[in-house]
Structures are given as structure tokens and as C-alpha cells.
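Written below as C-alpha cells is the structure these notes are about.
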Amino acid sequence: MSNNKSKSEIESFDPEVYASIQKELTRERNNLELIASENFPSTAVLEAQGSLLQNKYAEGYPRRRYYGGCEFVDQIEELAIERACKLFGAEHVNVQPLSGVPANMAAYFALAKFGDTIMGLALPHGGHLSHGHKVSFSGRWFNIVHYQVDPKTELIDYDVLLKLAREEHPKIIVAGASAYPRTIRFDKFREICDDVGAYLVTDISHIAGLVAAGVHPSPVPYADIVTTTTHKTLRGPRSAMIMCKEKWAKNVDRWVFPGIHGGPHMHTIAAKAVCFKEAAQPEFKEYQKQIIRNAKTLEVEFTKLGYRLVAGGTDTHLLLVDLRNKNITGKDAEEFLGRAGITVNRNTIPYDPQSPFVTSGMRIGVPAVTTRGMRESEMKKICELINEVLMNPEDKKIVDKAAKDVKELCGAFPIYASL
Ligand SMILES: *Cc1c(COP(=O)(O)O)cnc(C)c1O
């Protein structure tokens, strides 16, 4: 809160919006944020994102714009591209996509036409809406064949995938997920694509930070096109980018602009540049390693308490907890934990008997709490708190005590002190 500052412009002019922003700040400070797709970017990233660069129209690409006055935003976009190429070892990068879904749209159209066959991981098995769900553009405009995880191992079975690909002759196979706790074998996906003559698009939205730090294998050597958001483990602004082999550069750039976007958001591109610089620092690598250690600690602790983890555990930043043996639905778990200031999301588990609105699982991610500086001992505490609440959701005393502990824990690992 601006206790040592004069009143901000928003505060003076629009107290309603200001009040809600302050409440959100307080919520972020005082709650345990365990949503796997969320994070707390640095104030440097937020500053770039909130900067006057947003005023500038710059349709086109650096040095090839359709507007005058682009000399400084050109420098920024070139920096962002250069840093992203270096960070991921990519041949070509487009930093203009506004978010993950349009990045995927541009990637599909760069390689395929309306009605072509695309294979993607089914949503209830960890995939994303934009990987072919029928309510998404991807499911409406392409012929989608979904692959699933194995019912026993809950892992992608690459032999089954190959067999399916040989039958379906997809134009594109999409590898990537929003709720898959284990390592994705991009090398295997490449072999399968080569076998059936398909293009490989990999969507690393969730794991981009892990990939940048080298704690998850990179798809960049294998994929025709790699898409990613920049605001999840990568801890940048809410946005996305596309990396590709040089041979797809023109197609990708044309599909991003003018294909599906207008003017690029130069403030967000500046924030991405800052994020890529941060991600190249040794501290960032350490942060990503700590994410893995923290997730592993939760794996051990939840297992000790008798929770079943989908795919038996995690290699990444997230865990999927199957709550069926505890007789709790995902929906209830989300609500109960919310009462104690612990934020998770309900999530389908593979072959979930419950509806997608209710679900049998909860997804737990550690990127945000790890950004706060929490480590293994705090993970143990978090697991205890979650268990306390889930086992005693109607016991007000227990829930209140957990809420108090959550607040204390957050207080010991403050964020955004300067805001
Ligand atoms: C989050 C996510 C996206 C979508 O990103 P938006 O920025 O919300 O459009 C796409 N793909 C995957 C795998 C994701 O996890």
C-alpha cells in the first residue's frame, strides 16, 4: 500500500478501481497461491508492462513498420528477440503474440489449413482447450484427433501414440499440457512425427521457465514450432511468444501479423525483454531448481498422508492430487481451501468419473510460493495445512487456525513490499 507515498492518480480519480487493486494486492500478499499457472513477476516486469510504451502503434516488425516513430520500440523488440533466441537456443522468435491461445492459432495456421488433422492431448488428460477442444477455435476449424494418457501409468504412451498417428495421418502433432506432472519426451514426439510425416508443435506454456533453466528437456531442437506463454514458470508479463526453425519464420510472422493480430503491445514486449534478461541470470536457474525440489517435497508429503498422486508424482512444478480415496471432490477441495486462504484449482484427473465442473482432483503448483522464497520446510507446512483443512472442512476452529497460519507463513515471505 502506498503508505509512504502521496495519493496515486488512480486513488484520487477512481477510488473504486483503486480499492479493488489494493484488495487484490492484499490477497496476493496474504494468500498461499498454489495455482500452477500463476506467478509473481518482478516489479521491473510490472513497471515495463505499465509503461507509456503502450501508446505506440508499431504494426509490422522491427525496421519494417507501417508507422513512423518506431525507432525506440524497434530497439526494444530487437532486444526481446535477441534475448529469447539466446535463452532458448531458437533460430527464430516472434515476441508479438498477445497470449497463449492466439500463439497456438498462428502456429497451426503457419503449418496447416482449415480442416487438416491435428493431434493433441485431450483436455481431461492434461491438455489445453487450444489443443483441439470442441469449444475452442482449434476444435472447430481443424479435424482433431485426441490422444490420451495410459489408464494405468497415467503417462503418455509413445507406442500407442505412434500407432494412432499411423492410422490418422495428422498434419500436426501438438505436444504440451496444462496438467501433466511428468517430463514430456519431445525427442519421442519428433520420432513419431518423422515416422508419419507430421509437423511437431510443442506448447511449453507451463514449463517454459523449467526449460529455460535446463531442468526440463527442451523441445527447441526437435519442434518445427514452439509456442509458450510468458507468465507461468517463466515469470514474465501476461503474454506469449513463438519460436521456430528458420524455415517457418516467414509463415509464423505473417500469421501473427497481419494474420491474427493488429498492433503489437510494445509495453508487454518490453516486459518480455526484461523477463528474458532475468531468466538468463544464475538466480533464475536456482529458482527453477528450487521449484523442482519444492514440488518433490510435496510429492513425498502428500504420499505419506495417503493421497494418491496422478502419474505417481511429479518431475515438474505441479502435482495432480486424486481426491477420490478421501471422498472429496475437486470442487469442494477448492472451496474448503479457499476458506483458509489457500488457492488451488479443481482439475479433472485422467478418466475422471466426475464432470469437468466438479472433478475428482486438485492441481497444485509451486512457482508462486517458490518466488516468495519458500523452500522444503515451508512445503511440509503447506501440505500439513492443506490436509488439516481437507480433513476438517466444517470445523471452524481448525479452519480459522489454518487461515491464521497461512497469513503468518505469507508474512514471513513477503512480496511486493514496494507497491
Ligand atoms: C496457459 C496455457 C495456454 C493459454 O494461454 P493464455 O495466455 O491463457 O491464452 C495455452 N497452452 C497451454 C498448454 C497453457 O497451459
Residue-span extension gain [Glu376 to Asp159] - 0.36 nm each, minus C-alpha spacing:
74.5 nm
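Direction-averaged shadow area of the convex hull around the Cα atoms of the chain, nm²?
Seen from a random direction, the Cα hull of the chain projects 20.9 nm² on average.
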For a quick protection proxy, order the peptides 212-218, 182-188, 31-37, 280-286 by their average other-Cβ count within 10 Å, most packed first.
31-37, 212-218, 182-188, 280-286
Please compute the Kirkwood hydrodynamic radius of region 1-142 from all pairs of different C-alpha atoms, in Å with one decimal.
19.4 Å
Using a 10 Å cut-off on Cβ atoms, rank the peptides 251-259, 192-200 from the highest mean neighbour count down.
251-259, 192-200
Computed over region 282-412, Cα set: Rg, Dmax in Å
14.3, 45
What accessible area per residue comes out for region 288-419, rounded to a whole number of Å², with a 1.4 Å probe?
41 Å²
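Could you work out the helix-only [θ] at 222 nm for the chain, with each DSSP H run of four or more residues adding -39,500 (n - 2.57) and the total divided by the number of residues, to the nearest 500 deg cm²/dmol?
Helix-only estimate at 222 nm: -13000 deg cm²/dmol.
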List the residues whose amide H sits under 5 Å from the amide H of Val145, counting only those 5 or more places along or on another chain, with H placed 1.01 Å from N in the peptide plane.
Ile118, Met119, Gly120
Pairs over 21 Å Cα to Cα, from Lys113/Lys171; Lys86/Lys247; Lys285/Lys407; Lys304/Lys396; Lys232/Lys401, come to Lys285/Lys407; Lys304/Lys396; Lys232/Lys401
Normalised by the number of residues in the chain, what is the relative contact order in percent for Cα pairs under 8 Å and 6+ residues apart?
22 percent
Once you order the gyration tensor axes a ≥ b ≥ c over the Cα atoms, which shape class does region 103-230 get: rounded for a/c under 1.5, otherwise prolate or oblate by comparing a/b with b/c?
rounded
Calculate how large, on average over all directions, the projected area of the Cα convex hull of region 20-98 is; give the answer in nm² to one decimal.
7.4 nm²
How large a share of the accessible area of region 168-322, in percent, is made up of carbon and sulfur atoms when the probe is 1.4 Å and the other protein chains stay in place?
51 percent
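The values are calculated or read from the model by the stated rules, or taken from the named source; none is laboratory data. The model shown is predicted, which means the values in this text are computed figures rather than measured ones. Here the Cβ is made from the backbone with ideal geometry for all residues, glycine too, and neighbour counts use every protein chain on show. Remember, those area values only see protein heavy atoms, side chains included, never the ligands or the DNA or RNA. Shrake-Rupley method; radii C 1.70, N 1.55, O 1.52, S 1.80 Å.
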